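Input: a single structure, listed below in structure tokens.
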Amino acid sequence: MLVDSHCHLEYKGLVEDQQGVLTRAREAGVGAFLNISTKHSEWEQVVATANREADVFASVGIHPHEADSHAELARDTLLSATENQKVIGIGETGLDYYYDHSDRETQANLFRMHIDVARETGLPVIIHTRDAEDDTFEILSEEMARGSFPALIHCFTSSAEFGRKVLELGLSISLSGIVTFKNAKDLQEAAKSIPDDRLLVETDSPFLAPVPHRGRPCEPAFVADTAKFVAELRGVDTDRLVAQTTANFAGLFTKAGL
């Protein structure tokens, strides 16, 4: 069974044919989906989809792009949203200095608040980081020193050195379709060295469709193509990689009960 550990089922490109999207993914062997939220106004629908579909789970969180419009979000608001049985993760959250859509200090404050809730609930933090490796690692190191928490770098595209450092902190790493791109040589090299028990796969659909689907809206079904590519890259059987990444998801997102 494959798991798409990060998808946006409520986004344009998927939501218009959500049932068809889920059916095609199930036919491709996807047995679980983590439907990710990026702003407070999405939480209700993201969780409703998870409540309706037995194999869909939900996260609650604020993407760094949305930080400015959520600067006053109460910690208790996030904490209470985790009480739903289908909410198994917190995020996505983190830092994005590539677009700088939100004030960097506000991004950092919300990132730390997500971590604090993760520490209390035991739910993993789903981390987005772009052009912010140093500050992301600094926050993770400082927060881990205050008390451990489970966490995942989603859609990993960072340097091999950053990957090494977050792995030493105990984080897991998820690879998206970007790893299949012809110009992703550095990422492909980094992907070879991720420990077997820390590796997950995702689509980040409807974005980042892997080869051979470039130019199309990405769907959760395409996680099968990413898994096959990563297996070949790492020199292992695809079935073995599928089983390992599914076990890793189950071990990290324990509330899913997989």
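Data overview
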read-out	value
Selection count, region 131-160, where residues are under 29 Å from Ser80 (Cβ atoms), outside any helix (DSSP H, G or I) and within 16 Å of the chain's Cα centre (by Cα)	7
Matching residues in region 161-184 - criterion: being farther than 18 Å from Val211 by Cβ, more than 18 Å from the chain's Cα centre (by Cα) and surrounded by 15 or more Cβ atoms within 10 Å (Cβ to Cβ)	Lys165
Cβ pairs under 7 Å, 6+ apart, first in region 30-48 and within 28 Å of Ala243 (Cα to Cα) and free of Cβ contacts under 8 Å to residues at least 60 places away in the same chain, second in a helix (DSSP H, G or I) and of a type in the set (Gly, Ala, Ser)	Asn35/Ala50
Failed item, numbered, when Asp76 is tested on (1) surrounded by fewer than 22 Cβ atoms within 10 Å (Cβ to Cβ); (2) in a loop (DSSP other than H, G, I, E, B)	(2)
Residue tally, condition touching a helix residue (DSSP H, G or I) at 6+ places or on another chain (Cβ under 9 Å), in a strand (DSSP E or B) and not aromatic (Phe, Trp, Tyr), over region 1-57	11
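Just so you know, all these numbers are worked out from the coordinates, no wet-lab data involved. Computed from a predicted model, the values in this text were never measured in an experiment. Cβ: placed from backbone, ideal geometry, glycine included. Neighbour counts: every protein chain shown.
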